[in-house]
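Nothing in this text is a laboratory measurement; each read-out follows from the coordinates by a stated rule. The shown structure was predicted, so the numbers you read here are calculated from the model rather than taken from an experiment. Glycine also receives a Cβ, built like all others from the backbone with ideal geometry; neighbour counts cover every protein chain displayed.
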Amino acid sequence: MSDAGAPADRLLVVDLAARAPAWTLPDRVAAALREACPAGWRLHVVAAPTVSDGDGSDRPSDETLSVIGEAEAYVGFGLPRTLLAAAPRLKWVHSAAAGVASLLHPELRERGIVLTNSAGVHAQPSAEYARGGILHFLRGFDVAVRRQAQADWDREPFVGAGHTARELDECRALVVGAGGIGGTIARVLAVHGVRCTGIRRRPELGAPEGFVAVLGPDGVDEALPDADILVLSAPLTSGTRALITAERLDRLPAGAIVVNVGRGALLDEEALAKRLASGKLRGAVLDVFHTEPLPAASPLWGLERALVTPHVSGVSPRRFWDRQLALIVENWRRHRAGEPMRNVVDQDAGY
Ligand SMILES: NC(=O)c1ccc[n+]([C@@H]2O[C@H](COP(=O)([O-])OP(=O)(O)OC[C@H]3O[C@@H](n4cnc5c(N)ncnc54)[C@H](OP(=O)(O)O)[C@@H]3O)[C@@H](O)[C@H]2O)c1
C-alpha cells in the first residue's frame, strides 16, 4: 500500500493491525495517515496481524520483515529485536504502547535511533478505571454483587459493626508515578476532594495539577501511612521493580485500597493477597500482574477483596486512536523538520 507521488524514497512502516479489534488500526486512521504522507515519503500499512498486549509484539510478521529493510521510520506495538536487526536505515521508532521495558535494546542507542512511546495516551481511561475501582470498594459494591447473586437482602455489612463506607473526600491518596496516567488520576480524584500526594522520579520538577505535594522515590516510606488509597501508575524500571514490598504494604493504614494500573512487577502480589485475605486491606483493584495471563492458581482470583481485570484499564478504542493519530502525525512532522519529538523515551531512565 504505497502512496503515489515521486520521488518517494523515504519509507514509514505502520504495523498496527492488532489481533484485538479494540486495538487494531481503524480504516479512518490509516486513511488520515495516507493523507498526511508528504512528498518524498511512502507509507506501508502492514495488513498482517500483530500483538498489542503489554509492551507489544516480540515477533515481527513476514510482511513487516519484507519491507522494514527500506524503512526510515517504524510505528508498531513494541519493537522486536529481530526487526531492528533487519532495518539498517531506521532513524525513528514509535510504539503505540506506553510500556517500553522490553524495547530498550542497546542497538537503539548505538545506532542513534530515536524511540518514542505512547505515555499519556491511556491516561483518561486509566483514570476512569481507577475512580470506578476505588468507588467499587468505598461504596461496598463488591459486597452488593455477591449478595445479589444469592438474592440476599442483607444490610448488615453496610450498617453493622463492620461497616466500611467512606466518601472520597475523606480519603488521602498516594499516587506512585505522577505522569500521564498518575497525573490524570490525581486530577480526577482531586475533583472529588481526595488529597493526592505524588511520587515521581524527578520531584524537583514540581507537583502537577491535582497533587497537593510530590516526593521523590525515597519519600515512599514516609507517605504510605497516610495513604487511604495507594495507586501504582509508574513504568517498570530498575527503580520501580518490586517497589511495594510486604513491609511497605504493612505501612498502609488499615482499610486501605490498592490500585495497580502500572505493571505487576511493581508490587509483591503474594504479600498483597495475604493482606486482602486477612482483611487488613479493604480491597485491591488490579489490572496488571507479574504473569499475564494471571495463572489459574493465583489466589487473587478467589479473593472477595480483589477486583481483577485482564490488563484492559486503558481500553478506549475511539479516543485512543484520535490521540495516537495526532501523536504520530506530529512526531512524523517533527522528525522531518529535525525538531525535538514528543514522548521521547529516556533510555537511561527506562521510560
Ligand atoms: N494497564 C494498562 O493498560 C496500561 C496502559 C498504559 C500504560 N501502562 C503503564 O503505566 C506506565 C505509566 O504510563 P504513563 O503514560 O503515565 O507514563 P509517563 O507519562 O511517562 O509517566 C511515568 C511517571 O512515572 C514516574 N517515575 C519514573 N520512575 C519512577 C520511580 N523510580 N519512582 C516513582 N515514579 C517514577 C515519572 O516521574 P517523572 O514525572 O519525574 O519523570 C512519571 O511521573 C507505563 O510505563 C506502563 O507500564 C499501563
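Gain in length, His290 to Asp226, computed as 0.36 nm per residue apart minus the alpha-carbon separation, to one decimal in nm?
20.4 nm
If you average 1/r over every pair of different alpha-carbon atoms in the stretch 77-221 and take one over that average, what Kirkwood value in Å do you get?
18.5
For the Cα atoms of the chain, what angle does the longest principal axis make with the long axis of helix 180-191, in degrees from 0 to 90, nearest 10?
Helix 180-191 and the main axis of the chain meet at about 40 degrees.
How high is the relative contact order of the chain, in percent, counting Cα pairs under 8 Å that sit 6 or more residues apart?
Numbers: 682 pairs, mean separation 50.1, N = 351.
About 14 percent, as a whole number.
Only loop residues by DSSP count here, and only those with at most 14 other Cβ atoms within 10 Å; note down the chymotrypsin sites (Phe, Trp or Tyr not before Pro) in the stretch 92-184 that meet that.
Sparse-neighbourhood loop chymotrypsin sites (Phe, Trp or Tyr not before Pro): Trp153.
What is the extension gain from Ala36 to Glu330, computed as 0.36 nm multiplied by their sequence separation minus the C-alpha to C-alpha distance, in nm to one decimal?
104.8 nm
Once R0 is set to 51 Å, what does the formula 1/(1 + (r/R0)^6) return for the Cβ-Cβ distance between Glu304 and Asp27, expressed as a FRET efficiency to the nearest 0.05?
Details: r = 44 Å, r/R0 = 0.86.
Given R0 = 51 Å and the Cβ-Cβ separation, E is 0.70.
Treat the count of other C-beta atoms within 10 Å as a stand-in for reagent exposure and order Thr240, Thr164 from fewest to most. Provide the component values of the computation, followed by the final result.
Details: Thr240 24, Thr164 15.
Listing Thr240, Thr164 from fewest to most nearby Cβ atoms yields Thr164, Thr240.
First obtain the Kirkwood hydrodynamic radius of the stretch 240-351 from its Cα pairs, then insert it into the Stokes-Einstein equation at 10 °C and 1.306 mPa s, and state the resulting D in µm² per second as a whole number.
96
Just to be sure I follow: if Rg is taken over the C-alpha atoms of the stretch 7-70 and Rh is the Kirkwood radius over the same atoms, what is Rg/Rh?
With Rg and the Kirkwood Rh in hand, the quotient comes to 0.99.
How far apart, in nanometres, would the label points at Asp250 and Thr164 be if each is projected 7 angstrom from Cα along the Cα-to-Cβ direction?
2.1
Summing +1 for each Lys or Arg and -1 for each Asp or Glu, what net charge is found among the other residues whose Cβ lies under 15 Å from the Cβ of Val288?
With Lys, Arg at +1 and Asp, Glu at -1, the neighbours total -4.
Using a 10 Å cut-off around each Cβ, can you sort Thr64, Thr245 from fewest to most neighbouring Cβ atoms? Let's see the in-between values first.
On the way: Thr64 26, Thr245 12.
Going from least to most buried by this count: Thr245, Thr64.
If N is the number of residues in the stretch 99-163, what value comes out of its Cα radius of gyration divided by 2.2 N^0.38 Å?
Dividing the Cα Rg of the stretch 99-163 by 2.2 N^0.38 Å gives 2.09.
Longest exposed-loop-site-free stretch of the chain, with GluC sites (Glu not before Pro), DSSP loop and at most 12 other Cβ within 10 Å?
The longest such stretch corresponds to 1-166.
Once fully extended, how much extra length lies between Arg319 and Val344, figured as 0.36 nm per residue of separation less the alpha-carbon to alpha-carbon distance?
Full-extension gain reported as 6.9 nm.
Determine the dipole magnitude for the stretch 260-351: charges of +1 sit on the beta-carbon of Lys and Arg, -1 on that of Asp and Glu, nothing else is charged, the reference point is the Cα centre, and the result goes in debye to the nearest 20.
Magnitude of the dipole: close to 340 debye.
Give me the distance in nm between label points sitting 7 Å out from Cα along the Cα-to-Cβ direction at Ala297 and Asp154, one decimal.
3.1
Please tell me the relative contact order of the stretch 57-182 in percent, rounded to the nearest whole number, where contacts are Cα pairs under 8 Å and at least six residues apart.
Answer for the stretch 57-182 is 19 percent.
Helix 317-337: angle to the longest alpha-carbon principal axis of the chain, degrees 0 to 90, nearest 10?
For 317-337 against the chain, the angle is about 40 degrees.
For the chain, what D do you get in µm² per second when you plug the Kirkwood radius from alpha-carbon pairs into Stokes-Einstein at 25 °C and 0.890 mPa s? Don't skip to the end; give the middle numbers.
Details: Rh = 21.6 Å.
Rounded, D is 114 µm²/s.
What are the ³J(HN,Hα) couplings of the stretch 77-82, residue after residue, when phi is run through the Karplus curve with 6.51, -1.76, 1.60 and θ = phi - 60°? Round to Hz, x for glycine and proline.
Values, residue by residue: 9, x, 8, x, 4, 4 Hz.
Restricting attention to the stretch 40-99, which trypsin sites (Lys or Arg not before Pro) occupy a DSSP loop and are surrounded by at most 14 other Cβ atoms within 10 Å?
Hits after loop and neighbour filter: Arg89.
Using only DSSP helix segments of four residues or longer, with each worth -39500 (n - 2.57), what per-residue ellipticity at 222 nm results for the chain after dividing by its residue count and rounding to 500? Walk me through the intermediate numbers first.
Values: 12 runs with 106 residues, N = 351.
Rounded to the nearest 500, the figure is -8500 deg cm²/dmol.
Taking the number of other C-beta atoms within 10 Å as the exposure measure, put Val212, Val175 in order starting with the fewest. Before the final figure, lay out each step's value.
Details: Val212 14, Val175 33.
Ascending number of Cβ neighbours within 10 Å: Val212, Val175.
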